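Comments concern the structure below.
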Amino acid sequence: MSSAKKNDRTIDETIKLTQLKDFIKDETVEALKHPEGTKKILCLDGSVTGALMSVLDSTDLSNTLKPLGVVDIQLLNHEKLKVDINSPKSVVYVVRSDMTAVKMLGRRIKDDIASSRAVYVHMVPKTTEVCLRILDEYGVRSNIRELNSLELDLIPLEYDFMTMELDTCFREMTLDGDTTTLAHIARSLMKFQAFFGHIPIVRGKGRFAEKVATMMQRMGSEVSDSSKSLAPEVEALYIFDREVDCLTPVLFQQTYEGLIDEFYGIRHQLFTPPFDVSTEDPQLNGKTHLLTAEKDHVFTMLRGSHLKTLAADVQRATQEVKKQMDERNHLDKLGDIREFMGRLPSITEQKAKLAVHISIAVQVNRMANSREYKALLEHQKNMIDCQREKEVSDFIEECICKDNPLPKVLRLVCMFSMTFGLSPTKYQALKTQLVQNYGIQVLLTLDNLERTQLIQPGGKRANMFTSVSRNLRLRMETQKEEEKVKDISFAYGGWAPPLVRLAEIAITGKLQWNAMEGIFNQYPGPTFGTPDLPDDIISSQSRVIMLFFLGGITYGELAALRWVKALAQERLAEEGVETSFIIATTKVVNGVNFVEKLYGAVR
Amino acid sequence: MTDLVPTHDWQPLGQDKDGSYTYYRKVEVYQMKWTVDIGECMVAAAPYGGPIAVARDPKKLVKATSTQKPMIRTYTSSGVLISQFPQRDAIIHSMSWTSEELLVILFTHGLVCIYDMHGEKQLEDSLGAQSNVLQASYYPDGVVVLLEENTLRHITFEDRKLSVIVFPDLGCTTAPYTIQCRPLGEFQDSSMLQVYMSPHENDSAKGTLFMLNKLEKVDLNTPFQHVLKVAINPKGNLVATFNSNGKVNVSTANMQKNISEFNTRSREPPNQLLWCGNDVVVCCFLPEQIQTDKPNNTKSLVLIIGPGTDHDKYTYEGPVHAVCEGDCMRIVSNMRCDIVERVPVSTTQIFGLGSLEPSASLMDAYRDYEMENASSVNSLRELKAEQLTDAVTGCIDAAGHEWDTNVQTKLLKAAAYGKCFCRGYESDAFVDRCKALRVLNAVRDPAVGIPLTLTQYEDLSHIVLIDRLISRRLHFLAYRVSTYLDCKTEKVLVHWACSKVQAIARMKTNNKVADDELVRAIQEKFQLCPGISYRDVAETAFRLNKKNLAIQLLEKEPKVSDQVTLLIGMGLSEMALVKALDSGDTDQVYYVLLTMKKGQTDDELIATLHNNPAARDLFLTYCEHQDKKLLKKYYVTMQLHHQIAFHALRAYFNETDFANKLRLLAEARDNFSKRNDRKQEVDMMNEQDKLLAKQNVYAQNKKDPRFNQGFSVAATLRLLIFHKDFKEADSLAKELNVPLKMYHWIKLKALCKYQLWAELESFGKARKNPIGFAPFVEECIKAGQSFEAKKYVHKVEDYAARCEAYCDLSMFEDAIKTAEHEGDTGVLEAIRTRTTDAQHRQLIETAIRKIG
């Protein structure tokens, strides 16, 4: 109950991210409406679908876009446009400006040239030189009637959470050395500042984060009368680089939301349970649910719940809903009845949501308590604690022998390398087994993992891991009573995600920057930041702090962050400072897609 | 009040709808600072108080003063010389100014040159006609030209480009008296252009006035005598004609309605027929045109004709040149520059003799107030609230139209005084007017010489005015006006800097100190304006062959894209690459690299990439997609053997042809073998090679194409087991060094998957079993075969695991018995959590007690 109240308050306090969202939404609608009044085919690059759905608040794009004249939505892939004689004479492409997508675009336009269809292209988030060059190489640039940029960048998903829906950001920066995304990010943060004022303090950790900060500075000097005239609404921006900690994303998750993602996958906040959620109302089965705090109060209570406390939390939620329903029995005055009737639709909706979540929780709980998953969590904990190396190593080998899914095995190998460290002989043995079981293409993937240092054969990882873990209190060796966990490590069952730890240090706001810098420096990678400003520049009564996670963040980390946030808010509120936090990232990731994006995919 | 504004020379010309007179006045704006005799010259003055171009008139006899080439000179409206430049060796037909204040010079033989007012040539092009120019009728951005063979051409010079449209044949045998074009409103489409043409009396074609456009020729059936001159008013709705009988007629544009007629009693057409505003027609007669009693008349006559029969005339010493401004007329003579304008209603209301208007009362009251006369307030009290507001508005309006700053001040002070008595008066209009006047007075200064009226200023917009100040190189004034009106100053500063660069380039001495000094000066000024672009300045420097200066300036450019494109344009792609990389903007890096790729050899490119790792990564990513050949070439040149190997391996997966696959594999292996740390990969390639060969054989022998789908060793083994060829599976596993443990798992899982239970049973009896029997039980259960599982459960070695397996198979008694036998209470406790059966729980309790 207390947490619910707290959240309600935060919704009012946080700066109005909806402004930004409405702006992007308007721009998007305007772009897709064009050419107005004609029927058209919309051809979507898979990687922008999510962003588009989020921006348009849509769970079904074809319904949402019908009023704009879109009669047919197709996915951009290697195949030709599916058309017949009756197909519309215009086609609108919305394509991410990366080479793979643009190549498919080029081929598709070329294949359809004979139809003389009017081609409109929107590049997300920006038309780049390379894209134009590739279109030239396909010889189709002159066939495009209009080529525009569509800035689908920082999309507010919740009152305090934004994502850029950039799938391949981590791979591009660490593996390909392609920092284009960083410029996109910097640009989107500039756009954010155009809405909410110049952010006086920018600090962070990691080499790519530093690059983004530098670019922002430079872009700031390019524009003359920038956002500097606006009163700053956000006091500080902290940018954290995924590269600083690659262990957490490959870990197996343990919170409600994380587990749903782990077992079934959440795509762009949408989840379609592959099982029946209700026996009473069969209509609910097979329905897609939007997992967001804004529309689903029960979910807000459950999302960060660790699997060990899940049952209790579900119980708590049930009681709360029941209590609200029970109020109808104690209504004496007409006014009270009227007030209750006003709330009734939302209560009824909550009740329905609760039923759905109970069904999901039952399924998730069953999966999480399976022997297989328990074994995974057990060995994961062993690795974090750096103990029972032999057992863990045997376990991984067995997983390979058992032909477990490759992402799972790779995650285990990465974990092993980042915790115990991989000796060259050990790695050679694993490599042989991996190749024998999964095929020789694994070599390319392993090479990628080595280059991104998720696997470091022969690295002296273990020592450093231990010391850093100790310094930043990342490991919680003993966890007696889970109910009373007073640390962010609850989200991963005794492991505090380092980025969240750094964020915690940053937002509790007690430390001076040079002290904070000292702690930040204990982790590898550059630390950078604006020094402390004199007090009078920042209003001390209300503060907004933005945390940007470059390269992705997991649901587990989000749960831990929300927890820190609530704690910090409570404490600062006692000191009379109203604080709110905005979390932003390039994409919510999980272990599977994090590793899969690094595959040595055959292009 | 007469002391303030003279009203005696107000000439009533026509009446307003309410019967009040419309007055016109002539205001002397400047005493000309020049020593030009316009009688000897060809003169062209730009509207909106624009510059005046003067060239020698070839048709007039002039006493030769020097042997110099004839010069073209440009002056401000106040007669200050702007520039002079030599005229081409050709006869000028006529000159005019474009809306951008560029000077168009049309030569008789059909050449068009466009200069800016400083004599910098902007354009030179030919009409493409063989014959000479007879007549030309200009409008702001174009001209209609009559050629000797009686054809019309319409020429436009928009965007500093000449385009010629040929009109259909006129059908005239003799050159017409006159042509006059009439652009329609904001049109820029030549099909909309209309031309009045008045055929010569000797012409075979009958009729007096025709209207032409690109497509047709219409006889307007005018009742006049031959039309010698035509003028169209600024609005474009009225046409004035001077006819051979000496009459001036005003008609509607289509000539359907004759509005007024005035007899000038002159045989000869005036030198100029033009409009002053939209209601009044003006005829300018030069001295030689006027027949007087005196033999050597030196006076010009300017005849102004109002609607109806009202008229007035001004005489000037020497010739005059009149310019039609939208709302008034400018008369330039050798000595003076005058403006003839309609006296604004607000002014007549205040200063008109015996005016009883509120604004006149306010003015009176203010005068009383100034003289410290207490009755001042009384006369104001007589006014009603809205009358007072009108009075204030009237004074503000009148102030705007005055030329004399004293009068302006008085009127504004009166307005300021009056608005104190108005409740809740919005002062915006007052403030705006004050600002406008301040700007107007500044540009009207004789040194600047732009005599703009308020109406013209509002029509032109302050942005254009600033542009015009810039193009006059009055940077300081332009800057002051910009800051005063809160406009962007970038344009001014950039233009100023460009002019500085041009000046230093003209000196033609490469003086590094001067360059540095200039850069410092520019930077100092540019600092006032954060984000300002140095690009144009640098480009100017480069164009003028000051490469080093350009580079120095570009260093300061904040926008990387501007730096990069210009550096590439200067041929400094390496430097552009460094700049692009520094910025972190990959788009710019790609731009440079792709440009380099076009212009450089592969080897040069590779060398550049080698020196710039960040650029290299980006470019190789691009090559991976679009240019695999170059990618490989890079790896080979750099001797990155493992990269070549991986490259081959990637190609291997895309290859379907068997022989090619083998070749790529060999390439990968050879390259791996060149490195010491890739021994394992070499072995793997060899094994893959063997596997590939085997798979090929299996696919044929077993007639199963799945063998050729690029399976891994394990998958191949599974497929062999599916085909029940255990012998071959065993030998393949051995040949490819599959660990025994792994092979056991593979076989176990495959047997269960394909439901080969008998085979599983015999497999269970194999001599060696490195994985134990727990997996057997597990896999059988997974396949839903508890019956099969039970065959192996007793064989599970570890008792704890065995108990677990028993529980999985719901064989709780066996589980309890085993645990009891081993005396392990822990296991018993574990069993208890698995069963709900009371009887089993009882058994567990007993067992625990027994052990305990």
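The values are calculated or read from the model by the stated rules, or taken from the named source; none is laboratory data. Since the structure is predicted, the reported quantities are computational estimates derived from the model, not experimental observations. Here the Cβ positions follow ideal geometry from the backbone for every residue, glycine too, while neighbour counts run over all protein chains shown. Quick note on the areas: whole protein, heavy atoms, side chains included, nothing else; ligands and nucleic acids left out. Shrake-Rupley method; radii C 1.70, N 1.55, O 1.52, S 1.80 Å.
Structure summary
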read-out: Conditions (1) in a strand (DSSP E or B); (2) modelled with pLDDT under 85; number of the one not met by A:ILE239; value: (2)
read-out: Matching residues in the stretch B:552-577 - criterion: being buried (at least 17 other Cβ atoms within 10 Å of the Cβ), assigned to a helix (DSSP H, G or I) and more than 25 Å from the chain's Cα centre (by Cα); value: B:GLN552, B:SER573, B:MET575, B:LEU577
read-out: Residue check, A:THR419 within 28 Å of the chain's Cα centre (by Cα) and either within 14 Å of another protein chain (Cβ to nearest Cβ) or more than 30 Å from B:LEU717 (Cα to Cα) (or both); value: yes
read-out: Hey, B:GLU687 among the acidic types (Asp, Glu), touching a helix residue (DSSP H, G or I) at 6+ places or on another chain (Cβ under 9 Å) and buried (at least 18 other Cβ atoms within 10 Å of the Cβ) or not; value: yes
read-out: Tally, over the stretch B:619-628, of residues that are more than 8 Å from every other protein chain (Cβ to nearest Cβ) and either closer than 28 Å to B:ASN708 by Cα or touching a His at 6+ places or on another chain (Cβ under 6 Å) (or both); value: 1
read-out: Residue selected from the stretch A:293-329 under the condition touching an Asp or Glu at 6+ places or on another chain (Cβ under 8 Å) and modelled with pLDDT under 80, by the criterion nearest to A:GLU257 (Cα to Cα); value: A:ALA293
read-out: Matching residues in the stretch B:403-435 - criterion: being open to solvent by less than 10 Å² (accessible area, probe 1.4 Å) and more than 20 Å from B:VAL377 (Cβ to Cβ); value: B:VAL407, B:GLN408
read-out: Answer residue from the stretch A:246-271, given it is open to solvent by 10 Å² or more (accessible area, probe 1.4 Å) and part of a strand (DSSP E or B) and is nearest to A:PRO407 (Cα to Cα) among those; value: A:ARG267
read-out: Hey, A:THR100 at pLDDT 85 or above, in a helix (DSSP H, G or I), within 11 Å of chain B (Cβ to nearest Cβ) and closer than 22 Å to A:CYS169 by Cβ or not; value: yes
read-out: Residues of the stretch B:629-651 classified as among the aliphatic types (A, V, I, L, M) and either within 12 Å of chain A (Cβ to nearest Cβ) or closer than 23 Å to A:TYR138 by Cα (or both), total; value: 6
read-out: Identity of the residue in the stretch A:422-438, farther than 17 Å from B:PHE672 by Cβ and over 30 Å from the mean Cα position of the chain (by Cα), that ends up most open to solvent (accessible area, probe 1.4 Å); value: A:THR425
read-out: Unmet requirement for A:GLY525, which otherwise passes all of (1) modelled with pLDDT of 80 or more; (2) touching a strand residue (DSSP E or B) at 6+ places or on another chain (Cβ under 8 Å); (3) open to solvent by 60 Å² or more (accessible area, probe 1.4 Å); value: (3)
read-out: Test result for B:GLU604, assigned to a helix (DSSP H, G or I), charged (D, E, K, R), touching a residue at least 12 places away in the same chain (Cβ under 8 Å) and more than 13 Å from chain A (Cβ to nearest Cβ); value: no
read-out: One residue from B:LEU123, B:LEU146 being in contact with a helix residue (DSSP H, G or I) (Cβ under 6 Å, 6 or more places away or on another chain), among the hydrophobic types (A, V, I, L, M, F, W, C) and free of Cβ contacts under 8 Å to residues at least 40 places away in the same chain; value: B:LEU123
read-out: Of the criteria (1) of a type in the set (A, V, I, L, M, F, W, C); (2) open to solvent by less than 50 Å² (accessible area, probe 1.4 Å); (3) not in a helix (DSSP H, G or I), which one A:ALA231 fails; value: (2)
read-out: Strands (runs of 3 or more DSSP E) within the stretch B:1-98 that include 2 or more residues under 39 Å from the mean Cα position of the chain (by Cα); value: B:41-45, B:52-56, B:71-75, B:81-86, B:92-97
read-out: Evaluation of A:LEU290 against (1) under 22 Å from A:ARG366 (Cβ atoms); (2) touching a residue at least 24 places away in the same chain (Cβ under 8 Å); (3) not basic (Lys, Arg) (one fails), failing number; value: (1)
read-out: Per-region count, the stretch B:231-242, residues of a type in the set (S, T, N, Q) and at pLDDT below 90; value: 2
read-out: Complete set of residues in the stretch A:235-273 that are within 30 Å of A:PRO200 (Cα to Cα) and of a type outside the set (A, V, I, L, M); value: A:GLU235, A:TYR238, A:PHE240, A:ASP241, A:ARG242, A:GLU243, A:ASP245, A:CYS246
read-out: Set B:GLY308, B:GLY246: member being of a type outside the set (Asp, Glu), surrounded by fewer than 20 Cβ atoms within 10 Å (Cβ to Cβ) and more than 29 Å from B:LYS60 (Cβ to Cβ); value: B:GLY308
read-out: Residue in the stretch B:738-745 that is in contact with a Phe, Trp or Tyr (Cβ under 7 Å, 6 or more places away or on another chain) and under 15 Å from A:ASP403 (Cβ atoms) present; value: no
read-out: Qualifying residue in the stretch B:540-548 (condition: without any contact (Cβ under 8 Å) to a residue 40 or more places away in the chain, in a helix (DSSP H, G or I) and open to solvent by less than 40 Å² (accessible area, probe 1.4 Å)); value: no
read-out: Hits in the stretch B:698-742 - residues which are within 14 Å of chain A (Cβ to nearest Cβ), open to solvent by 20 Å² or more (accessible area, probe 1.4 Å) and over 19 Å from A:GLN441 (Cα atoms); value: B:LYS734, B:GLU735, B:PRO739, B:LEU740, B:LYS741
read-out: Residues located in the stretch B:587-640, provided they are of a type in the set (S, T, N, Q) and open to solvent by 60 Å² or more (accessible area, probe 1.4 Å); value: B:THR601, B:ASN611, B:THR637, B:GLN639
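For (1) in a loop (DSSP other than H, G, I, E, B); (2) in contact with a Phe, Trp or Tyr (Cβ under 6 Å, 6 or more places away or on another chain); (3) at pLDDT 80 or above; (4) closer than 22 Å to B:PRO775 by Cα, each residue gets a yes or a no:
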| residue | (1), (2), (3), (4) |
| --- | --- |
| B:ALA801 | no, no, yes, yes |
| B:ALA805 | no, no, yes, yes |
| B:SER810 | yes, no, yes, yes |
| B:GLU813 | no, no, yes, yes |
| B:VAL827 | no, no, yes, yes |
| B:ILE831 | no, no, yes, yes |
| B:GLN842 | no, no, yes, no |
| B:GLU845 | no, no, yes, no |
| B:ARG849 | no, no, yes, no |
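Conditions tested, residue by residue: (1) assigned to a helix (DSSP H, G or I); (2) modelled with pLDDT under 85; (3) under 30 Å from B:LYS679 (Cα atoms); (4) polar (S, T, N, Q).
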{"position": "A:GLN433", "(1), (2), (3), (4)": "yes, no, yes, yes"}
{"position": "A:GLN436", "(1), (2), (3), (4)": "yes, no, yes, yes"}
{"position": "A:LEU446", "(1), (2), (3), (4)": "yes, no, yes, no"}
{"position": "A:LEU449", "(1), (2), (3), (4)": "yes, no, yes, no"}
{"position": "A:LEU454", "(1), (2), (3), (4)": "no, no, yes, no"}
{"position": "A:ALA462", "(1), (2), (3), (4)": "yes, yes, yes, no"}
{"position": "A:SER467", "(1), (2), (3), (4)": "yes, yes, no, yes"}
{"position": "A:ASN514", "(1), (2), (3), (4)": "yes, yes, no, yes"}
{"position": "A:ILE519", "(1), (2), (3), (4)": "yes, yes, no, no"}
